Each structure stands twice: as structure tokens, then as C-alpha cells.
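K.L.:
Have a look at this one before I ask anything.
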Amino acid sequence: MQQLPNPKKLLSQQTRTSSIKPAFHEIETPAYVFDLELLRDNLKYLHQLANTLNVKIIFAQKSYSFYSTYPLISRYLSGSTASGLYEALLAKEEFPGEIHVYSPAYKPEEIIKLLKFVDFIYFNSFDQWQKYFDLINQAKKAGRKFQVGLRVNPEYSETEHDLYNPAGRFSRLGITAEMFKQGVAKYGLEGIDGLHFHALCEENADSLAKVLTSFENKFSSYIQQMSWLNFGGGHHFTRADYQVDLLADILRDFRLKYPEQTIYFEPGEAISLDTGYLVCEVLDIIQNEINIAIVDTSATCHMPDVLEMPYTPRVFLLDEKYCKEGYYIEAENIDDQSLKNPNVIKTNNLYRLGAPTCLAGDVIGNYKFPRPLKINDRLVFCDMALYAHVKTNTFNGMPLPNLVTLKSPDNFEVERQAAYFDFKNRLGSADVK
Ligand SMILES: Cc1ncc(COP(=O)(O)O)c(C=O)c1O
């Protein structure tokens, strides 16, 4: 076997978050900045991983749909997966390669359109599959070639957040072993080519091992009949501590039992992990027991996972005077709990970062900066090329961030300029009489 690619050796791992990029000073804010060199690093790595392990890695669009980079991604990954008709159409228009689609339920008009172009379609229940059985057969008779899969629930997950746990109690995502047994008894499996599960979230190979064991325990009697298996997303392949040797062991053991099945992975985050930024500017600084910097970005509108997950993004102050060996000094996060201590509130250069919206909780976090903040200072939030721009909204009339590609540290291009139209267009039509 070829040497396994090691995620720790990702070319720019060290420079991902903090190296000086002169372009950050020139970009109109707020802006998502997509670093193409870093994205290419991840893609090269994933391509090598797929080849070495003899698996297929496809790209889950839901985490990142900055489609002007789809041609680049498609050079390294063999296909993409969609969460429904619209993402599938986006793939058809912008992403050369296999198109997979999974939705917990499809409407007839969606299925009619999807069956014209997708390569893989996954159903979430036997009833949905059966509902469209005739349409599937008609499309096949008319010469369309595509694969049909069922999503199953492995009934095990290591994910701690209920919001992101597809195998949690009462989950609607995937067929449970009991329902699968009943479905097979009623309808059989003829016409089903593969099985899919997705039960990981930002996880390492040790979690995959456990989920896979549960999947096998519950569904082993059906696996042999399948031509492929899709192990879903949530694999943090491009993280420096990813257990790539363990992944290879897991796949080797699995293949001893199931040598014929093609194995798919469909990560989203791993594609663009640590490859993007959100650049913003300080608009005002006020005091209310603590210093508060109001910035031209919003947790609710531009990085909703900060509130939903919740998590605290890494942030840097753009000031070359406060750099160390070519790297910006990262601001230190101080959690809300620590602020209960009055001495902590007095920490030098501590600021709570908040949005210019009316939502009291639209706060990004509390950070200690290397120097006092000033109006017009620029701040850069890290790891913003995933689940950020796909989830944006214009609540309060917040402008969307511009979309910018960074080709090298000082060479950028504005791919999309945000405008008032983005806000108005989403909210209605001017023609109502
Ligand atoms: C079915 C499915 N596949 C793939 C993904 C991508 O997961 P991630 O971005 O965590 O890798 C998700 C995420 O929710 C998903 O629901």
C-alpha cells in the first residue's frame, strides 16, 4: 500500500489561521475571505487519501456552497452530495462529477426533476422509496442510469450536541434497524443498490470505528447485497490530529468482510476546514461594566453556529506591530462564566464583541487583545469557510458579507459585492397591488 498522507504535514497547517495577509487591510468589510491556497491544500490531501485508501470522497455542499470554487474542488473530488433539489441543481450547474442527493422526504415535483439528472438518490424511508418506485422505473426504462440508496440510522453516535446528533433519541434521520426489518419484509430490497449512514460531527476515526460497529451489528445481513456503502460526513480528515492510521485499519478490517462494496465518504467541513476568514471592522466602543466593541458583523446573521453550537471563534487583531515571527497574536477568549469574577472584568484590553443589531444576545464573545481596540481596527475571525456563508440571513437589515477569494497573501478578488438588493429581494415583491 502507498504511504498514508499525514494531515499534520498539510503544507500550510501552521499558517492557516494567523499568518500576515496584507489583503486583509484592503478588503471592504464585512467579508468572507476564501483562501484558495489553503483550500487546495485540503483538496490535495483528500484526493491522496481517497486514492491511497481506495475509497471515494465526495463533497457535501451543505457546509460550503461558494460555487465559484466548485471547478477547483471537482479537480480533486469525484462528486458532490446535495440536501435536496436546489443543492442538486447547483451541483448540476457548477460541479462536474457524480451528483448524490438525500432528503428526509421528497415532493413528487422534486423527484420528477431530480430523476432527470442525479446519479445517486437516497431515501429516508421504505414508504418514500415505494411512493416513487414507478417514477424510478420509468426513468430507468427511458435510459437514465442512477443508483438508489436507503439511509439507515446506526443508532449510535458520539456527538454531544443534540442539535447535531442524527442518531439521537427520536431522530427522523435514517431508518432504524427495526423499521428496516419491517420494510424488507414488506417490500424486499430489489432496486436498492446501497446503504448510507451519517452519525458523526467533527469527529475522529475512533468515533467512526464505534459507529461502524453499530451499523454492522444492526444491518450486517443486508450489506452483502449492496454494491456500495456511504459512511456519511462529519469525518474531520483534514484536522492535524486526525487518526489516519486508525482509519486505514478500520477500512482494512471492514474490507476483509465486505470486499466488494465501494465505500463513499461525504464530508463537508473537511473540505474547507480552516481555509476561510470573516474580516470585520470596529465601529464603536462603549462601556457597560466591561468594554464593548461593536463590529460590522453579527453572530446571528454571519456566523449563527456561534450561538447555535455554541462555539467561540478564534480572532486576531490586524496590527503588524502586534505580530510574532510573521504571525498575528491571537486574542485570548474569556468565557462568560469567568466574567462573574469582578477582577476578570477589569482585565486589560478585554472586550466583548457585539453586533450592530438589536438582538441582545447577538454577541460573538469576550476577548483579551494585545492592545486597546480603536475604532476602525480590523478583526479577523478564523475557520469561517464552513457552515457560515451558507447560513447567513439579513435579520435587522444586516448587509451580507462580501465574498472574496484570496489567491495569495496580497492578491484578492471580490467575487460578490453585497447590496441592499440581497435584503429586499428575499423579503417580497414590489408588485403586490
Ligand atoms: C447526510 C449528511 N452528509 C454529510 C454531511 C456533512 O457533514 P460535515 O460537514 O460535518 O462533514 C452532513 C451534515 O450535516 C449530513 O447531514
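Residue by residue, here is whether (1) touching a Ser or Thr at 6+ places or on another chain (Cβ under 9 Å); (2) crowded, with 18+ Cβ neighbours inside 10 Å; (3) hydrophobic (A, V, I, L, M, F, W, C) holds:
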| site | (1), (2), (3) |
| --- | --- |
| Asp253 | no, no, no |
| Tyr277 | yes, yes, no |
| Cys280 | yes, yes, yes |
| Asn288 | no, no, no |
| Ser298 | yes, yes, no |
| Cys301 | yes, yes, yes |
| Asp305 | no, no, no |
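K.L.:
Does Asn217 meet the test of being away from the ligand (no atom under 13 Å from the Cβ) and either among the hydrophobic types (A, V, I, L, M, F, W, C) or part of a strand (DSSP E or B) (or both)?
P.N.:
No; evaluated as a whole, the condition is false for this residue.
K.L.:
Residue check: is Ser83 within 16 Å of the ligand (Cβ to nearest atom), without any contact (Cβ under 8 Å) to a residue 24 or more places away in the chain, under 24 Å from Pro304 (Cβ atoms) and of a type in the set (S, T, N, Q)?
P.N.:
Criteria met by Ser83.
K.L.:
Which pairs have Cβ atoms under 9 Å, sit 6 or more apart or on different chains, and link a residue in region 94-106 that is surrounded by fewer than 22 Cβ atoms within 10 Å (Cβ to Cβ) to one that is of a type in the set (D, E, K, R) and part of a strand (DSSP E or B)?
P.N.:
Glu98/Lys56; Pro104/Arg151
K.L.:
Next question, about the same structure. Regarding region 339-355, can at least one residue be identified that is within 20 Å of Ile27 (Cβ to Cβ) and either among the polar types (S, T, N, Q) or in contact with a strand residue (DSSP E or B) (Cβ under 9 Å, 6 or more places away or on another chain) (or both)?
P.N.:
Within region 339-355, one or more residues are within 20 Å of Ile27 (Cβ to Cβ) and either among the polar types (S, T, N, Q) or in contact with a strand residue (DSSP E or B) (Cβ under 9 Å, 6 or more places away or on another chain) (or both).
K.L.:
Same structure again: So which residues in region 363-391 are more than 16 Å from the ligand (Cβ to nearest atom), over 20 Å from Tyr322 (Cα atoms) and buried (at least 21 other Cβ atoms within 10 Å of the Cβ), if there are any at all?
P.N.:
Ile364, Gly365
K.L.:
Let me confirm something: among Ser227, Ser272, Ser220, Ser207, which residue is among the small types (Gly, Ala, Ser), within 30 Å of Asp319 (Cα to Cα) and modelled with pLDDT of 95 or more?
P.N.:
Exactly one residue qualifies, and that residue is Ser272.
K.L.:
While we're here: Do we have Ser12 as at pLDDT below 95, small (Gly, Ala, Ser), touching a Leu at 6+ places or on another chain (Cβ under 6 Å) and not assigned by TED's automatic domain parsing to the domain that holds Glu93 here?
P.N.:
Yes; evaluated as a whole, the condition is true for this residue.
K.L.:
A follow-up question, please. State yes or no: is Asp206 out of contact with any helix residue (DSSP H, G or I) (no Cβ under 7 Å at 6 or more places or on another chain) and at negative phi?
P.N.:
It is false that Asp206 is out of contact with any helix residue (DSSP H, G or I) (no Cβ under 7 Å at 6 or more places or on another chain) and at negative phi.
K.L.:
Taking the condition out of contact with any strand residue (DSSP E or B) (no Cβ under 8 Å at 6 or more places or on another chain) and acidic (Asp, Glu), does Glu94 pass?
P.N.:
Here the answer is yes, as Glu94 does meet what is asked.
K.L.:
Quick one: in region 51-80, which of the residues that are away from the ligand (no atom under 15 Å from the Cβ) and small (Gly, Ala, Ser) is farthest from Val414 (Cα to Cα)?
P.N.:
Ser78
K.L.:
In region 229-270, which residue that is of a type in the set (S, T, N, Q) and under 30 Å from Tyr67 (Cβ atoms) is farthest from the ligand (Cβ to nearest atom)?
P.N.:
Checked region 229-270; the qualifying residue farthest from the ligand (Cβ to nearest atom) is Thr262.
K.L.:
Which ones in region 313-344 are free of Cβ contacts under 8 Å to residues at least 24 places away in the same chain and buried (at least 16 other Cβ atoms within 10 Å of the Cβ)?
P.N.:
Hit for region 313-344 is Val344, nothing else.
K.L.:
Within region 172-202, take every residue that is more than 11 Å from the ligand (Cβ to nearest atom), surrounded by 15 or more Cβ atoms within 10 Å (Cβ to Cβ) and of a type in the set (Gly, Ala, Ser) and give me the one that is farthest from Asn230 (Cα to Cα).
P.N.:
Residue satisfying both the conditions and the ranking: Gly183.
K.L.:
Note down all Cβ pairs under 8 Å where the first residue falls in region 220-235 and is assigned by TED's automatic domain parsing to the domain that holds Lys62 and free of Cβ contacts under 8 Å to residues at least 60 places away in the same chain, the second is crowded, with 17+ Cβ neighbours inside 10 Å and among the polar types (S, T, N, Q), and they're at least six residues apart or on different chains.
P.N.:
Ile223/Gln261; Met226/Gln261; Leu229/Gln261
K.L.:
Out of region 218-249, which residues are out of contact with any Asp or Glu (no Cβ under 9 Å at 6 or more places or on another chain) and of a type in the set (Val, Ile, Thr)?
P.N.:
Val244
The values are calculated or read from the model by the stated rules, or taken from the named source; none is laboratory data. Keep in mind the model is a prediction, meaning the values are calculated, not measured. Please note: Cβ atoms are built from the backbone with ideal geometry, for glycine as well, and neighbour counts cover all protein chains shown.
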